[in-house]
Amino acid sequence: MKNFIKYSSCYVFYLLCHTVNGQFLFQINKDTCIKWNYSDGDEFNDKKIDELKWQTRFPWSRSLISEDIFYSENNVIVDSGFARFRVQKEKTQTKLFIWEHDSATFKRLGKYPDSLGNYALSYTGGLIWSRKKYKYGYFEVRFKNPSNVGLWPAFWLYGENANEIDFMELKGEINNQIHVDIHCPDGCNNYIQGLFNYRKSFGHWIKTNGDFHNGFNVVSGEWQPNYVKYFLNGNLVAYFSGKIDVDLDLTTGNGKAHKGGAFAPGVSDKTIFPTDFIVDYIRVWSKDSAESIQKNLTRDFTIVDEKQSEQIEPKNERIKFKRKAKTKIEEIITLSVLPHKVNGYSMHLLGYNKKIESFTFKLISETGKILFEPTVYSNSYYDKAFEESTEKVYLEINYEGTVYKYQLK
């Protein structure tokens, strides 16, 4: 049900979503409020990885011989609300598949498989790879990056015909930057048209004003039929205008680079082992109806709280474009609202800045009683547990005079 009611100098949009306990993410700007429904993800609150959701390897192998690394299930450690993806310097024997044989790599590393195909790898890493495939959505990860030479953590989508969306690639030795990219076998028009029609690839390093090892940060990506948007702590940092029209798997993990290869330099005598890339949660949001996707309403969305001295943001950089966006890029505030404990909500505000003159949100009852309203607005988490059970709860958002009201419960 959607009603538009003009009240005084502002417009009030009533969007009543009849779910038991809403799990939503809102993208708000001056003109619109887009609602996403929680679709999938992992809060890593158990003692081990959910093997029905993830596999701890690539679908085709556990080895990546170009980086001399074996991805071990023992290097994915779930504890205290985190998933730790570990890189360790340790030798592992594995049997290579025939398609993994690469004479150039064998020559570079100075070692070869034996007559039975057994091969020695010098490092182990950790990753998870989704068993489910995705097509479009909003994907986010909350993480802390190790400060260490040669490590290569990432959060990306990968799938059919080697199509790939890199929402985030990191290097420990340049911990104030984040890399974003797109890869497709046919090029997917993967270029930025520059001076004299010169074409260059889309991938970019985004400079920031902080270090990713000092605390947790959120990287998210919005994949739609005609574009991909990249966000860092709610700030739009890159925009790709083009189509990727295939199903993709979601993956994250921690690996290593090597001298002379992609994302060089590699590990060195200065690299400390073992070293962990830490993930608090992975969340996937969809525009599909809440009734069709919100099956698990008892999930614990408790945030592992770790205070940060600063909110990392892009450092005075223009948004990185692949050609010009077909629509104007507006400043966006992101607000997620999720059930918390027995009778409460966890809310996360991103993309907020003090230059925005008028933005508020609050939880209210059916009679209009204010149940929760922040006293101070910042890019942070807000938890509210109610002492008594409330029959109906609404979220009211006010952005510069335009009011949006959503039923949460």
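The values are calculated or read from the model by the stated rules, or taken from the named source; none is laboratory data. These numbers were taken from a predicted model, which means no experiment stands behind them. Positions of Cβ are generated from backbone atoms using ideal geometry, with glycine treated the same way; all protein chains shown enter the neighbour counts.
Mind checking whether some residue in region 117-135 is at pLDDT below 95 and not in a helix (DSSP H, G or I)? Yes: region 117-135 contains one or more residues that are at pLDDT below 95 and not in a helix (DSSP H, G or I).
Any chance region 147-166 includes a residue that's in contact with a helix residue (DSSP H, G or I) (Cβ under 9 Å, 6 or more places away or on another chain) and either more than 22 Å from Asn254 (Cβ to Cβ) or of a type in the set (D, E, K, R) (or both)? No, region 147-166 contains no residue that is in contact with a helix residue (DSSP H, G or I) (Cβ under 9 Å, 6 or more places away or on another chain) and either more than 22 Å from Asn254 (Cβ to Cβ) or of a type in the set (D, E, K, R) (or both). On inspection, Glu291 passes the criterion of being at pLDDT below 80 and not in a loop (DSSP other than H, G, I, E, B). Among the residues examined, Phe273 does not qualify as assigned to a strand (DSSP E or B), in contact with a Lys or Arg (Cβ under 8 Å, 6 or more places away or on another chain) and modelled with pLDDT of 95 or more. Selection of region 216-245 for residues being crowded, with 18+ Cβ neighbours inside 10 Å and polar (S, T, N, Q) yields Asn217, Ser220, Asn233, Asn235.
Taking the criterion of being of a type in the set (Lys, Arg) and buried (at least 19 other Cβ atoms within 10 Å of the Cβ), would at least one residue in region 68-86 satisfy it? Yes: one or more hits. When region 367-392 is filtered for residues that are farther than 22 Å from Asn233 by Cβ, surrounded by 12 or more Cβ atoms within 10 Å (Cβ to Cβ) and modelled with pLDDT of 90 or more, the ones remaining, listed by number, are Leu371, Phe372, Glu373.
Of the residues Asn148, Asn161, the single one that is outside any strand (DSSP E or B), in the same structural domain as Ile282 (by TED's automatic domain parsing), at positive phi and touching a residue at least 40 places away in the same chain (Cβ under 8 Å) is Asn161.
Of the strands (runs of 3 or more DSSP E) lying entirely inside region 358-407, those containing at least 2 residues that are without any contact (Cβ under 8 Å) to a residue 40 or more places away in the chain and not aromatic (Phe, Trp, Tyr) are 359-365, 370-372. When region 348-357 is filtered for residues that are loosely packed, with under 12 Cβ neighbours inside 10 Å and either over 27 Å from the mean Cα position of the chain (by Cα) or outside any loop (DSSP other than H, G, I, E, B) (or both), only Glu357 remains. Going by what's in this entry, would Ile5 be described as farther than 13 Å from Leu127 by Cβ, modelled with pLDDT under 90 and assigned to a strand (DSSP E or B)? Here the answer is yes, as Ile5 does meet what is asked. Out of all the residues in region 214-228, is one or more assigned to a loop (DSSP other than H, G, I, E, B), at pLDDT 90 or above and in contact with a Leu (Cβ under 7 Å, 6 or more places away or on another chain)? No, the conditions are met nowhere in region 214-228.
Say we look at region 53-87 and pick out the residues that are among the basic types (Lys, Arg) and over 20 Å from Phe143 (Cβ atoms); which of these is nearest to the chain's Cα centre (by Cα)?
Step one: of region 53-87, the residues among the basic types (Lys, Arg) are 53, 57, 62, 84, 86.
In the following step, the residues that additionally are over 20 Å from Phe143 (Cβ atoms) were identified as 57, 62.
Details: Arg57: 19, Arg62: 23 Å.
For region 53-87, the residue satisfying everything is Arg57.
Looking at the structure I just gave you, is Ile49 at pLDDT 95 or above, farther than 30 Å from Ser103 by Cβ and surrounded by 17 or more Cβ atoms within 10 Å (Cβ to Cβ)? Judged against the criteria, Ile49 is a match. Would you pick out the residues in region 230-281 that are among the acidic types (Asp, Glu) and in contact with a strand residue (DSSP E or B) (Cβ under 7 Å, 6 or more places away or on another chain)? Residues satisfying the conditions are Asp247, Asp249, Asp276, Asp280.
Filtered by the rule that a residue be closer than 16 Å to Arg142 by Cβ and not in a strand (DSSP E or B), region 229-244 gives Asn233, Gly234.
Taken over region 136-183, the residue count meeting the criterion of being of a type in the set (Ser, Thr, Tyr) and either touching a Leu at 6+ places or on another chain (Cβ under 9 Å) or surrounded by 21 or more Cβ atoms within 10 Å (Cβ to Cβ) (or both) is 2.
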